[in-house]
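Accompanying notes for the structure given below.
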Amino acid sequence: MAASPLPHADKPLSPHLQIWRFTVTMAASITHRGTGVALYAGTALLAFWLIAVAQGPGFFYPIGGFLTSLPGMAILGGYIWALSFHLMNGLRYLYWDSGRGFDPKMARMTSWLVYVGSIALTALIFFLGYSARGGV
Amino acid sequence: MAHKGTGTFVMQRASAVLLVPLVIWFLVSVVSHAGDSFVEMKTWLSNPLVSIPFAAFVIIGSFHGRIGLSEVIVDYIHSWLRDVLLILSWIVTLGVWALAVWSVYQLSFAG
């Protein structure tokens, strides 16, 4: 690799996907990256949503209307699930940073927990959100 | 160059820790404001105790996101495109920061 003037360019890389045997911890690691990239884009969209509220109804109604449409709800649902997953798995990584939780059996169990927990949390948020709207 | 990565590593963890309460607050807000009209939404967001944490979520989130995205870029892109994408990731992040700061000013502090 050519040397680069940028600070990130000459660091050690992560191992590539094809050399791993499938495990749920690996799946959680990939999903963490995937949700992270999606959240980077989603957070940019959220900044546009925020400025639209600040600008007034003329800017807000097209965005607000889109969010209640089916594709809008899919994006919102995806964002909320990505946020839930990245939060829960991120807490798991912070726990790992403290030097604990590396026992393989425990690591596998917490991976499954993050998948189940993030889906359950997303379902709960949608259920409560719909209830707040007074049903669909 | 050799020690540059440590600062990034610490910044990624520090922003992650700050984001934990902000994400929980954001998810609770989504639920409690799901049925809001535009006027209700704007009234809620105009309170600086709401607009500032909201902007903090967006600003710290995109800062944390840019670190992660740059890791992914560096792992998978090995051509000149890598540096272009790394610069782009900064431009997008700076744009998001500007939008968030401007929003808070307009919502809570302008007239």
Problem set entry | Nearest 10 degrees, 0 to 90: helix B:4-32 Cα axis against chain B principal axis | 30
Exercise. What FRET efficiency do you get for residue A:130 and residue B:38 if R0 is 25 Å and r is their Cβ-Cβ distance, rounded to the nearest 0.05?
Worked result: 0.85
Exercise. Each residue of the range B:68-81 in turn: what ³J(HN,Hα) in whole Hz from Karplus with 6.51, -1.76, 1.60 and θ = phi - 60°, glycine and Pro shown as x?
Worked result: x, 4, 5, 4, 5, 4, 5, 5, 10, 10, 10, 9, 4, 4
For this session: Could you list the chymotrypsin sites (Phe, Trp or Tyr not before Pro) in the range A:44-136 that lie in coil according to DSSP, counting only those with at most 10 other Cβ atoms within 10 Å of their Cβ?
Result: A:102
Seminar exercise, completed: Other residues with Cβ under 14 Å from the Cβ of residue A:102 give, with Lys and Arg +1 and Asp and Glu -1, a net charge of +2
For this session: Can you pull the one-decimal nm distance between simple spin-label points at residue A:95 and residue B:56, each 7 Å off the Cα toward Cβ?
Result: 2.6
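Determine the sum of side-chain charges near residue A:112: Lys and Arg each +1, Asp and Glu each -1, restricted to other residues whose C-beta is under 14 angstrom from that of residue A:112.
Surrounding charge for residue A:112 is +3.
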For this session: Report relative contact order for the range A:40-136 in percent, whole number only (criteria: Cα-Cα under 8 Å, sequence separation at least 6).
Result: 24
For this session: Indicate the helices, whole DSSP H runs only, in chain A that combine a mean Kyte-Doolittle hydropathy of 1.0 or more with a Cα extent along their long axis of 18 angstrom or more.
Result: A:24-55, A:104-132
For this session: Starting from the Cα of residue A:13, move 7 Å in the Cα-to-Cβ direction to define the label point; list residues of the range B:55-76 whose amide nitrogen is under 14 Å from there.
Result: B:71-76
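Each reported figure results from applying straightforward, stated rules to the coordinates on display, with no laboratory input. Treat the numbers as computed from the prediction; the structure is a model and nothing was measured. All Cβ positions, even for glycine, are placed from backbone atoms using ideal geometry, and neighbour counts span all protein chains on display.
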